[in-house]
Amino acid sequence: MLNRFISLSALIVKGSCGFQGPGLLSKRQSLLKSGAKNKTMSAKPFKVLITHPEVPQSGIDLLNENCELVRVESLPPKRSELLQKIRGVDGILWGGHEALNAEVLDAAGPQLKSISTMSAGIDYVDLDEVKRRKIPLGHTPTVLDNAVADLAVGLLIAAGRRFHEGRKKIETGNWENYHLNWMLGQDVRDSVVGFYGFGGIGQAIAKRLSGFDIDQVLYTTRRRIDRETEKELNAKKVEFNELLTKSDFVVIAAPLTAATQGVFNATAFNKMKNTAVLINIARGKIVNQNDLYDALRSNRIFAAGLDVVDPEPLPPNSKLLTLDNIIILPHIGSATNRTRSDMATIAAHNVLRGLVGERMLSPAY
């Protein structure tokens, strides 16, 4: 496990968090043990709450070495159970997407020293409240980049080549293969792919798409990425309007903020090519879904592939589900065995570091 984590942490933080292998781990273990002076001699140094019963064992095992674990056992997790069991804990591994806010922090108590989510996005966290109380907060970005990128490429191809509509043709007995121009889709080859947000996930998607001989990558971000990466990915920073008008595929890979919420609306869709395909693997609220429905139903844009929607779960009577030219997945971008285990591992290390006053492996702020 140690060797696996050393390799994993090197990949994730590239040395920026000051991780120094076994020496630092030994220091942490020593600090954890020294914390027992503030407890009874027979107790483990710290008490940590696991907020979801399905947190992978890799994270549980790491915490269990030096921490007394308290677990939420209900599924779906009941907030009432969480608020009852959180009292007096020193650390929290937040395994779900329930609101992490003042109610939770008040219930835990002033002794709370460390929190880590098991997710990349933290839009469900009242970050201002956590900062105000000066509680270290970790999360697990980057480790899920590859899994999400793989899924995004799958969505892009599936939406552009009409996989969902084709399956429905089979199911309804409308396999019209006597047409020469039947079920024609959009080519990835020689296409322009635009990224709204171009961090680790966006760049991982672009690297994969380079193997499909795309023509160019455009991206819209607040800050320009480094020139070496731009050259490697044949990427160019452009304004949002240019991204919309020139892209054959538009991939949303930005965090949800006040500035990004609802930015993909009727105005944006009216600027896109009528052959364009929209992919969203970020957050559902970045897209105005009523406007997306209208754009797809009227063929204002060609197709869409979504791994995120609003709300989640999406009601089975949602009008989006009546469309042929959309593929919707139930937010499974990071849902692989390896990725989930790695997320739990990173979250556990974040909690352990916070407990002993070290900088977290992957701090959220």
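The values are calculated or read from the model by the stated rules, or taken from the named source; none is laboratory data. Bear in mind the structure is a predicted one, so any value in this text is a computation, not a measurement. Using ideal geometry, Cβ is built from the backbone for each residue, glycine included, and neighbour counts are taken over all protein chains shown.
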Residue selected from region 312-338 under the condition crowded, with 19+ Cβ neighbours inside 10 Å and touching a residue at least 40 places away in the same chain (Cβ under 8 Å), by the criterion farthest from I135 (Cα to Cα) = I326
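Among the residues of region 341-352, what is the count of those that are out of contact with any strand residue (DSSP E or B) (no Cβ under 7 Å at 6 or more places or on another chain) and either within 30 Å of A303 (Cα to Cα) or crowded, with 23+ Cβ neighbours inside 10 Å (or both)?
Count: 7.
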Could you list all residues from region 230-246 that are part of a helix (DSSP H, G or I) and of a type in the set (D, E)?
-> E230, E232, E242
Members of region 276-309 that are surrounded by 21 or more Cβ atoms within 10 Å (Cβ to Cβ) and either at pLDDT below 95 or acidic (D, E) (or both) | D307
Here are some residues: V143, V130, V104. Which one is crowded, with 20+ Cβ neighbours inside 10 Å and under 30 Å from L306 (Cα atoms)?
-> V143
Do we have any residue at all in region 176-183 that's loosely packed, with under 15 Cβ neighbours inside 10 Å and either in contact with a Leu (Cβ under 6 Å, 6 or more places away or on another chain) or within 30 Å of A364 (Cβ to Cβ) (or both)?
-> no
Got a number for residues in region 36-68 being modelled with pLDDT of 95 or more and small (G, A, S)?
-> 2
When you go through (1) under 20 Å from Y365 (Cβ atoms); (2) touching a residue at least 24 places away in the same chain (Cβ under 8 Å); (3) in a helix (DSSP H, G or I) one by one for L83, which number turns out not to apply?
-> (1)
Counting only residues that are closer than 15 Å to N350 by Cβ and surrounded by 20 or more Cβ atoms within 10 Å (Cβ to Cβ), which one in region 59-78 is nearest to the chain's Cα centre (by Cα)?
-> G59
Scanning region 110-146 residue by residue, those farther than 16 Å from T345 by Cα and of a type in the set (A, V, I, L, M, F, W, C) turn out to be L112, I122, V125, L127, V130, I135
For region 247-272 the number of residues that are over 16 Å from the mean Cα position of the chain (by Cα) and part of a strand (DSSP E or B) is 3
Give the residues of region 331-359 that are assigned to a helix (DSSP H, G or I) and either among the small types (G, A, S) or in contact with a Cys (Cβ under 6 Å, 6 or more places away or on another chain) (or both), sorted by residue number.
-> S341, A344, A347, A348, G354
Note down all Cβ pairs under 7 Å where the first residue falls in region 278-293 and is of a type in the set (F, W, Y), the second is part of a helix (DSSP H, G or I), and they're at least six residues apart or on different chains.
-> Y293/K319; Y293/L320
In region 279-330, residues that are in a loop (DSSP other than H, G, I, E, B), touching a Gly at 6+ places or on another chain (Cβ under 9 Å) and not polar (S, T, N, Q) total 12
Could you pull out every one of the helices (runs of 4 or more DSSP H) wholly within region 139-229 that has 3 or more residues that are of a type in the set (K, R) and under 23 Å from N299 (Cα atoms)?
-> 163-171
For region 79-101, enumerate the residues that are more than 23 Å from the chain's Cα centre (by Cα) and surrounded by fewer than 17 Cβ atoms within 10 Å (Cβ to Cβ).
-> S80, E81, L83, Q84, R87, G88
